[in-house]
Amino acid sequence: MSAAPRDELKWLTRRPIAHRGLHDMNKKVWENTLPAFSAAIAGNYAIECDVHLTKDGEVIVFHDDVLDRLAGREGRICDLTLAEAQALTIGTTQDHAPSLRQMLDLVAGRVPLVIELKGIEGQDEGLVAAVAKELKTYQGEAAIMSFDHHLIRRFRSDAPGVVAGLTAEGTSAADMEKHFAMLAHDVDFVSYNFHHLPNPFISFFRTVLNRPVITWTVRSAEEKAVSDMHAQQITFEGFIPDSVIA
């Protein structure tokens with residue numbers, strides 16, 4: 001399957017993308033929680049979130065491999081069942097880690113979603129297929145992406161028809177070589193560290209392939225101005241950008 005045509009991806013770059021939802025840098029509204037997603041919807045922002053595979057093959061919305069920063073306990077997210085992961089309270093709140101299904105039910109197509117798959121090699125077999133299963137009946141605009149090349153290699157086979165991207169960073173020749181190698185897997189878009197722009201890979205991706213580039217993680221209007229010179233949209237946190245759809 002070849003990458004999606006550019007016109008079919010305009011939804012991906014129409015609005016700023018709230019990084020892990022519209023949280024307040026984990027003061028009262030924590031990242032990747034239903035209140036953060038509700039705030040993003042209220043602000044008319046697209047949403048970026050992170051998912052892991054649970055011990056019983058389900059999908060939980062959670063960023064880190066380990067539990068200490070977000071849940072205040074030892075252990076790994078991949079060693080928990082979905083029920084155990086959902087029982088986690090996040091940070092200083094009483095909010096729980098949501099399943100991907102809970103998150104999809106909340107958003108319900110009101111704003112676009114960009115779902116980053118967080119791999120733990122050797123512990124994530126079936127993650128791509130599990131996310132694709134949840135998205136199969138979802139009535140809204142959604143994309144998947146990952147840093148993890150072993151997951152990206154499974155996007156087209158395990159998530160056919162789902163808009164799929166590469167999350168990336170770096171400026172070295174070795175970085176460029178790794179990123180160019182991923183083009184063999186027909187990635188539809190790239191989400192790149194804006195601190196590492198411009199670079200030959202992103203220039204080729206935008207100008208030669210004519211495919212969209214979004215950036216992460218932009219934290220001020222000044223940083224947005226830099227990102228805007230090299231990419232079509234930002235993934236942001238820590239400030240409130242204009243949410244008007246172009």
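Tell me, rounded to the nearest percent, the portion of alpha carbon pairs in region 102-210 spaced more than 23 Å apart. Taking all Cα-Cα pairs of region 102-210, the fraction more than 23 Å apart is 31 percent. What residues have an amide H closer than 5 Å to that of ARG20, excluding those fewer than 5 places away on the same chain, when H is modeled at 1.01 Å from N in the peptide plane? It is GLU48, CYS49, by chain and number. Taking θ as phi - 60° and the Karplus parameters 6.51, -1.76 and 1.60, the scalar couplings of region 226-241 work out to 5, 4, 4, 6, 10, 8, 8, 7, 10, 9, 10, 7, x, 8, 10, x Hz in sequence order, x denoting glycine and proline.
Any chance you could run the full-extension gain for ASP68 through GLU177? It's 0.36 nm times the residue separation minus the Cα-Cα distance, nm to one decimal.
Numbers: separation 109, 0.36 × 109 = 39.24 nm, distance 3.46 nm.
Result for the pair: 35.8 nm of gain on full extension.
Distances between placed amide hydrogens fall under 5 Å for ALA143 paired with LEU113, VAL114, ILE115, all partners being 5 or more residues away or on another chain. The 1.4 Å probe gives accessible areas that order ARG20, ARG14, largest first, as ARG14, ARG20.
I need the GluC sites (Glu not before Pro) found in region 1-95, filtered to DSSP loop residues with at most 11 other beta carbons within 10 Å of theirs.
On the way: sites: GLU8, GLU31, GLU48, GLU58, GLU74, GLU84; in loops: GLU31, GLU58, GLU74.
Sparse-neighbourhood loop GluC sites (Glu not before Pro): GLU74.
Just the protein heavy atoms count here, and of the accessible area of the chain at 1.4 Å, carbon and sulfur take up 51 percent. The shape of region 178-241 comes out prolate: with a ≥ b ≥ c from the C-alpha gyration tensor, a/c is at least 1.5 and a/b beats b/c. Other residues within the sphere of radius under 12 Å centred on the Cβ of ILE240, judged by their own Cβ, net out at -1 (K and R +1, D and E -1).
Working with all protein chains in place, sort LYS55, LYS118 by solvent-accessible area computed with a 1.4 Å probe, largest first. Show your work: numbers first, answer last.
Details: LYS55 145, LYS118 35 Å².
I get LYS55, LYS118, largest accessible area first.
For SER99, the residues 5 or more places off, or on other chains, whose built amide H falls under 5 Å of its own are VAL61.
Heavy-atom accessible area, probed at 1.4 angstrom with all protein chains present, ranks MET229, MET25, MET176 as MET229, MET25, MET176, highest first. In the context of the full set of protein chains, residues of the chain present 43 Å² of accessible surface per residue (probe radius 1.4 Å, heavy atoms only). Each residue of region 149-157 was assigned a 3J(HN,Hα) from its phi angle through the Karplus expression (A = 6.51, B = -1.76, C = 1.60, θ = phi - 60°), giving 5, 5, 7, 4, 5, 9, 4, 6, 7 Hz with x at Gly and Pro.
Working note: Karplus 6.51/-1.76/1.60 with θ = phi - 60° gives region 45-54 the couplings 9, 5, 10, 9, 9, 10, 9, 10, 8, 8 Hz, where Gly and Pro are set to x. Placing unit charges on the Cβ atoms of the charged side chains and taking the dipole of the chain about its Cα centre, the candidate lying farthest along the positive direction among CYS78, PRO98, VAL226 is VAL226. Helical content of the chain, expressed as a calculated mean residue ellipticity at 222 nm, amounts to -6000 deg cm²/dmol (DSSP H runs of 4 or more residues, -39,500 (n - 2.57) each, divided by residue number, nearest 500). For region 11-236, a simple Cβ point-charge model (Lys and Arg +1, Asp and Glu -1, everything else neutral) yields a dipole of about 620 debye relative to the Cα centre.
If you take the Cα centroid of region 1-75 and the Cα centroid of region 183-218, the two points sit 20 Å apart.
The values are calculated or read from the model by the stated rules, or taken from the named source; none is laboratory data. Since we're looking at a predicted model, the values are computed, not measured. Quick reminder, even Gly has a Cβ in these numbers, built from the backbone with ideal geometry, and neighbours come from all protein chains shown. Only protein heavy atoms, including side chains, enter the accessible area calculation; ligands, DNA and RNA are left aside. Shrake-Rupley method; radii C 1.70, N 1.55, O 1.52, S 1.80 Å.
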